[in-house]
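K.L.:
After the structure tokens below, expect a handful of questions from me.
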Amino acid sequence: MIKIEITPRVFHFKQPATTSRGAYTERKSWMVTITDTQTKRQGVGECAPLPDLSCDAIAEYHSILSAACQHIEQTGTINRQMLLPYPSMLFGLETAMAHLQAGSYALFNTPFSRGEAPIVINGLVWMGSFDEMMVRIEEKLSQGFHCVKLKIGAIDFDSELEMIKSIRKRFSYHDLELRVDANGGFCFDDALYKLELLSQYSIHSIEQPIRQRQWANMAELCRESPLPIALDEELIGINIPDMKRQVLNIIKPAYIVLKPSLHGGMSGTREWVAIARSMGIGSWITSALESNVGLNAVAQLAADIYMSGNDRRTHAIMPQGLGTGQLYTDNIPMPLQLKGEQLWFNTDNTTI
């Protein structure tokens, strides 16, 4: 018999996390704990919608999550079809079920979960003033990161370009991979001009240059841009496989960037990756400002998708976006250890 407890939890940022949509100072999550009353085993997951971004950041969130939990208590299974419009709930419940079944936070059997190999991550530099961002970049470089992702759009574009230029004067693209994320902050009318300017500095890719739901405009940018474009927000709310194929076939991006709590949970993320691979589109996975509970689940999933299989070397994956474990003053302990740009799973204590 299964019982589920829902516990609301508020996490507090050490410093505001600023994007082109505004700044986050705290984050509300709903922690779900599934208990098998016979074995006494438990599984914990995090349901954490992002305000102003998640398609399921809604007032009736708790009541819908409660109904989904009641279904699991009655049937022992997750009603994925019912939860497709609520990806953060699906992700949290999938995490809790995987934890329950695995008996530890090593959710899947991978080189990462066995402690044999790390996941290389990108260093994330939040928006801020020119001076603030330069200080943050210096910190990431001194910590040994070889891939840095810059959130852009908070200051004027010329200043951001000057910042990128100063980085490239010190580090060539052989030494440092630069990714930028506009979070839809460009206007279509001058987006191509900005992409052309950015391309002078050997940028790996840009995420979501213009706001989502402009498929024709985004497709044009992907055709004309000298800079590879990655879709992120564009994928939110698209849950049917045929629709996933349609949007990728129309826009034809170079990459997709997947956040399980935004893009269909674990199962939906796997679906996106499989469809993208069939179309020759690259991908990587990032967290979405979850606490360490969600971050561990995202890391475990990324390792299972990209590290598994006899045809893949354990280190032969792109840097993933998993550098959010130190954002909060009141995070939850997890067997994750960050060493420079490498995220390790500490197998000495997998049942914290």
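K.L.:
Return the total of residues in the range 214-248 being touching a residue at least 40 places away in the same chain (Cβ under 8 Å), more than 22 Å from Ile203 (Cβ to Cβ) and of a type outside the set (Val, Ile, Thr).
P.N.:
Counting residues in the range 214-248 that are touching a residue at least 40 places away in the same chain (Cβ under 8 Å), more than 22 Å from Ile203 (Cβ to Cβ) and of a type outside the set (Val, Ile, Thr) gives 2.
K.L.:
Still on this structure: Gln326 is checked against (1) assigned to a loop (DSSP other than H, G, I, E, B); (2) in contact with a Phe, Trp or Tyr (Cβ under 9 Å, 6 or more places away or on another chain); (3) among the polar types (S, T, N, Q) and fails just one. What number does that condition carry?
P.N.:
All conditions pass for Gln326, except number (2).
K.L.:
Also: I'm trying to understand the selection: among the residues of the range 1-35, which are among the charged types (D, E, K, R) and open to solvent by less than 20 Å² (accessible area, probe 1.4 Å)? Steps first, please.
P.N.:
First, pick out the residues of the range 1-35 that are among the charged types (D, E, K, R): 3, 5, 9, 14, 21, 26-28.
Hit for the range 1-35 is Arg27, nothing else.
K.L.:
Which of the strands (runs of 3 or more DSSP E) found entirely inside the range 119-197 contain at least 1 residues meeting this: under 22 Å from Glu220 (Cβ atoms)? So that I can check it myself, show each step before the final result.
P.N.:
Values: elements: 123-125, 147-151, 177-181.
Result: 177-181.
K.L.:
Specify the residue that is modelled with the lowest pLDDT; the eligible residues are those in the range 203-232 that are among the basic types (Lys, Arg) and under 13 Å from Ile251 (Cα atoms). Even if it seems obvious, please write down each step before you answer.
P.N.:
Restricting attention to the range 203-232, the residues satisfying the condition of being among the basic types (Lys, Arg) are 211, 213, 223.
Next, only the ones that are under 13 Å from Ile251 (Cα atoms) stay: 213, 223.
Values: Arg213: 94, Arg223: 98.
The qualifying residue modelled with the lowest pLDDT is Arg213.
K.L.:
Mind telling me which of the residues Asp189, Asp156 ends up being of a type in the set (D, E, K, R) and modelled with pLDDT of 95 or more?
P.N.:
Values: Asp156 fails: modelled with pLDDT of 95 or more.
Among Asp189, Asp156, only Asp189 is of a type in the set (D, E, K, R) and modelled with pLDDT of 95 or more.
K.L.:
Further, regarding this structure: From the list Asn310, Asn239, Asn296, which residue is modelled with pLDDT of 95 or more and polar (S, T, N, Q)?
P.N.:
Values: Asn310 fails: modelled with pLDDT of 95 or more; Asn239 fails: modelled with pLDDT of 95 or more.
Residue meeting the stated conditions: Asn296.
K.L.:
Among the numbered conditions (1) surrounded by fewer than 17 Cβ atoms within 10 Å (Cβ to Cβ); (2) among the hydrophobic types (A, V, I, L, M, F, W, C); (3) under 14 Å from the mean Cα position of the chain (by Cα), tell me where Leu258 comes up short.
P.N.:
(1)
K.L.:
How many of the residues making up the range 177-194 are buried (at least 21 other Cβ atoms within 10 Å of the Cβ) and hydrophobic (A, V, I, L, M, F, W, C)?
P.N.:
Of the residues in that region, 5 qualify.
K.L.:
Of all residues in the range 238-296, which are part of a helix (DSSP H, G or I) and at positive phi? Spell out the reasoning first.
P.N.:
Here is the first cut: in the range 238-296, the residues part of a helix (DSSP H, G or I) are 241-251, 265-278, 292-296.
Result: Gly265, single match.
K.L.:
Still on this model: From the set of residues in the range 36-77 that are in a loop (DSSP other than H, G, I, E, B) and over 28 Å from Leu289 (Cβ atoms), which is least open to solvent (accessible area, probe 1.4 Å)? Let's see the steps before the verdict.
P.N.:
Of all residues in the range 36-77, those in a loop (DSSP other than H, G, I, E, B) come to 37-41, 48-60, 76-77.
Now restrict to residues that are over 28 Å from Leu289 (Cβ atoms): 37-41, 76-77.
Details: Thr37: 48, Gln38: 153, Thr39: 81, Lys40: 148, Arg41: 103, Gly76: 31, Thr77: 74 Å².
Looking at residues that are in a loop (DSSP other than H, G, I, E, B) and over 28 Å from Leu289 (Cβ atoms), I get Gly76.
K.L.:
Just to be sure before I move on: is Asp304 touching a residue at least 40 places away in the same chain (Cβ under 8 Å), closer than 23 Å to Asp189 by Cα and either open to solvent by less than 10 Å² (accessible area, probe 1.4 Å) or acidic (Asp, Glu) (or both) in the structure I sent? First the steps, then the outcome.
P.N.:
Working: touching a residue at least 40 places away in the same chain (Cβ under 8 Å): yes; closer than 23 Å to Asp189 by Cα: no; either open to solvent by less than 10 Å² (accessible area, probe 1.4 Å) or acidic (Asp, Glu) (or both): yes.
Here the answer is no, as Asp304 does not meet what is asked.
K.L.:
Tell me which residues, restricted to the range 76-108, are out of contact with any strand residue (DSSP E or B) (no Cβ under 9 Å at 6 or more places or on another chain) and free of Cβ contacts under 8 Å to residues at least 40 places away in the same chain.
P.N.:
Thr77, Ile78, Asn79, Gln81, Met82
K.L.:
Counting only residues that are part of a helix (DSSP H, G or I) and of a type in the set (Ser, Thr, Tyr), which one in the range 78-106 is nearest to Pro241 (Cα to Cα)?
P.N.:
From the range 78-106, those part of a helix (DSSP H, G or I) are 80-83, 87-102; that's our starting set.
Subsequent filtering for residues that are of a type in the set (Ser, Thr, Tyr) retains 88, 95.
Numbers: Ser88: 18, Thr95: 22 Å.
Taking the candidates together, the pick is Ser88.
The values are calculated or read from the model by the stated rules, or taken from the named source; none is laboratory data. Being a predicted model, the structure only gives us computed values, none of them experimental. No Cβ is skipped: glycine too gets one built from the backbone with ideal geometry, and neighbour counts run over all protein chains shown. Side chains included, ligands, DNA and RNA excluded: accessible areas come from the protein's heavy atoms. Shrake-Rupley method; radii C 1.70, N 1.55, O 1.52, S 1.80 Å.
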